[in-house]
Amino acid sequence: MSTVLTGSLVARLRFAVGLVCVAFAAVLFVLRVPHALNNLNAQRKADAYITGTEYRALATGDIQGVPLQLQAAALRVIPARANYAVVMPASLALAAPYGINAITMEAGPAFLRYLLLPRWQVAGSAQARFVICFGCDTTPWDQRTTWLWRDGKGDSIGRVRSP
Amino acid sequence: MIAGIIELNALFTASGLALLAGLRGWGSWLELADELGLALMLGASSVCVLATLVLVAGAGLSSATIVLLGVSVIVVGIALCAVRRSPLPRQFGTLPRWSVGTAVAVIAALGTIAILVAMLRLAWIAPMGGGDSFQFWVPKAKAIYFFGTIDTSRFTSLTSPRYPLLVPALQAMDFRLMGRAYGPELGLQYWFLYCGFALSAATLLRRLVPAWLAWGFVALTGTIPELDARMINAQADWALDVFYGLAVIAAMVWLRSREPWLLGVYVAFAAATIATKQEGLLMMSSFAVGLLLATMRRWRSVWPAVAGASLLAYAANLPWRIWWATRHLPVTLPTLGVSGLLHHFGRLWPSLWLIVRLTFAYEHWLAFVPLAIVAALAALTVRGQARETAITFLVAAVGLVAGFTYILWDDLTYVLDTHQASTPMPRAVGSIVILATVLAPLLIEPLLRGVKLPGLDSNQQPSG
């Protein structure tokens, strides 16, 4: 390799810095491109269990701790553009027996809002035509709700008779 | 369903090609083929920014509207082409001569393609990722898709109602052409964005630096761990960064080559950056300030063009700002005011330290920022345009660090830790990383001048 280095010390130092930068980038390329490919392939392998269009749509909620059966039932039972409310335990301590953790407490209603659109999630029960009881005691609702789906694990979906 | 996403991106590419034909034209078919990625991103940014204006005007994004938006951009491109008499390709073109440099460029390009293929395979099967995607970005897109307009209490009652509209508009257009609001498929749209970014960055950078250096750093963007982990998430962070990266490259290439069409490209990408996230305004402002400071010596020939183009990009986003201001939507980021900031002065240093730690976190971002800083400091010793690039990079990066520090200092709801759930900063600093990565070739190339390495001649001007 014939390298012509002329000019001041600064120019030579500059060239050395440039060369070190290129060498560093080359090392990064050699080491990190295979690493990136491995990572992407590993992510793909980890997602390989997700099969079918419906399950792929529900998997995000599943990862957040929202039961698959509850998601699928909500899509099936609540009519498009109906208002619904999500009722969850008031505290993490009350939620624990249902297997609901802090992540699910926070993300659950937001995920259901995303999933069920154009069905519209409302905050209070007054405007709700349907109620998704996610790990909750249905007793206060029993008088005015026709339960359309239950999983026996504390999750229920019902139509509110007198909103 | 994926056919709809492919159709939308084909429309973007056709729109971008028409704009490129109008703005500059091509000498050969090879040159045109080389700019397909740039056409995709130019079309995506133009059509999406127009789509946000349509939403602000109270209309929806029906299939007819989407086609009309694309066709209107195409008509503008054709009209420009006719008025400017831009050349259209008449010959095949010449492939680059074979050399060590070409071989290195081919290897780097193959590395990029391999990463793109792996990312596509993942986007094909992955569920929708990212908390913000289901918290508000995709619900907004679904609201536009189902209810037809943003002027409803349903849209404005969603989280972060003041966030800019480009991402929900893009996703809503995807849903419309897919015929179904199916979130997981949006990963494919984000793959198109990264694909377009990689091809565009290589095309633009090669106008200034040898192909091996340009492709090398483009391939390296695909190795950024945070990019691999989150690029296909239906959020705004990486969409923001790819538009920003391309705006930066377009401006820097314009600064050196002074080809007017690049200013048009800069306007489109800068407008898209501002329309994607609130941080976009900070990012483009700090970059424009860096550019202005770097070119003080020749301000007469640079400043009017840079200021004019930047203001034009901002102006495209003014209707949205007026829209939410007139509807008194709640602020996304509460502000403490001067007295509040002074009262919480103790947050300043931890906020700054957190931003610096996040920016230099090798496990998330590798070492592109330190690499670019070293190259920039060395490039400061080179007179002329290399020094301008270095100053622009350093000022823009410092501006971003200062801006993100201010946001953390000002917003007491952000916990000062490195968790993704506590603060958006672990993702926000990606803009500093992308700035460093796309400018690194422009900073390194001048350092290698005056030295002859067989086949890797950095003195030779790159060809298309």
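The values are calculated or read from the model by the stated rules, or taken from the named source; none is laboratory data. Small disclaimer: the values here were computed from a predicted structure and weren't measured. Here Cβ is always computed from backbone atoms with ideal geometry, including for glycine, and neighbour counts include all displayed protein chains. To get the accessible areas, we keep the full protein, side chains included, count just its heavy atoms, and leave off ligands, DNA and RNA. Shrake-Rupley method; radii C 1.70, N 1.55, O 1.52, S 1.80 Å.
For A:Val122, B:Val398, the ranking by accessible surface with the largest value first comes to B:Val398, A:Val122, using a 1.4 Å probe. Segment B:258-288 and segment A:109-146 have Cα centres separated by 44 Å.
Restriction of the trypsin sites (Lys or Arg not before Pro) in segment A:69-113 to DSSP coil positions whose beta-carbon has at most 13 other beta-carbons within 10 angstrom yields A:Arg81. A Förster distance of 60 Å, applied to the separation of the beta-carbon atoms of B:Arg85 and A:Leu68, puts the FRET efficiency at 0.45. Reported to the nearest whole Å, the Cα centre-to-centre distance from segment B:126-145 to segment B:3-44 is 28. Taking all Cα-Cα distances within segment B:156-304, those exceeding 28 Å account for 25%.
If the segment from B:His419 to B:Val71 were pulled out straight at 0.36 nm per residue, it would be longer than the present Cα-Cα gap by 120.9 nm. Ordered from longest to shortest, the equivalent ellipsoid semi-axes for chain B are 32, 28, 21 Å, each the square root of 5 times a Cα gyration tensor eigenvalue. What separates the Cα centres of segment B:163-190 and segment B:300-331 is a distance of 25 Å.
Shielding value for B:217-229 is 4, the average number of Cβ atoms from other chains within 10 Å of each residue's Cβ. Convex hull volume of the C-alpha atoms in segment B:81-209, normalised per residue: 202 Å³. Taking all protein chains together, A:Phe15, A:Phe24 sort by accessible area into A:Phe24, A:Phe15, largest first [probe 1.4 Å].
State log₁₀ I(q)/I(0) for the protein assembly as shown at q = 0.08, 0.12 Å⁻¹ as given by the Debye formula over alpha-carbon point scatterers of equal weight, solvent excluded. One equal scatterer on each Cα of the protein assembly as shown leads to -0.60, -1.28. Using a Förster distance of 41 Å, how high is the FRET efficiency between A:Asp137 and A:Ala42, based on the Cβ-Cβ distance and rounded to 0.05? For A:Asp137 and A:Ala42, the calculated efficiency is 0.45. Taking all protein chains as shown and a probe of 1.4 angstrom, A:Glu106 keeps an accessible surface of around 140 Å².
Under the rule a/c < 1.5 gives rounded, and otherwise a/b versus b/c splits prolate from oblate, where does segment B:79-128 land using the Cα gyration tensor? Because a/c hits 1.5 or more and a/b fails to exceed b/c, segment B:79-128 counts as oblate. Distance between the pseudo-spin-label points of B:Ser63 and B:Tyr362 (7 Å out from Cα toward the beta carbon): 5.3 nm. With helices as the sole contributors, chain A gives -16500 deg cm²/dmol at 222 nm; each DSSP H run of n ≥ 4 counts as -39500 (n - 2.57), and the sum is divided by every residue.
B:Phe192 sits with roughly 40 Å² accessible to a 1.4 Å probe, with DNA, RNA and ligands left out of the calculation.
A simple spin-label model places the labels of A:Asn83 and A:Thr51 4.3 nm from each other, with each point 7 Å out along Cα-to-Cβ.
Of the residues B:Ile391, B:Ile232, the one with the largest accessible area comes first in the ranking B:Ile391, B:Ile232, computed with a 1.4 Å probe on protein heavy atoms. The apolar share of the surface of the protein assembly as shown, taken as the fraction of accessible area on carbon and sulfur atoms (1.4 Å probe, ligands and nucleic acids excluded), comes to 65 percent. Based on DSSP H segments of at least four residues, each scored -39500 (n - 2.57), chain B has a per-residue ellipticity at 222 nm of -22500 deg cm²/dmol.
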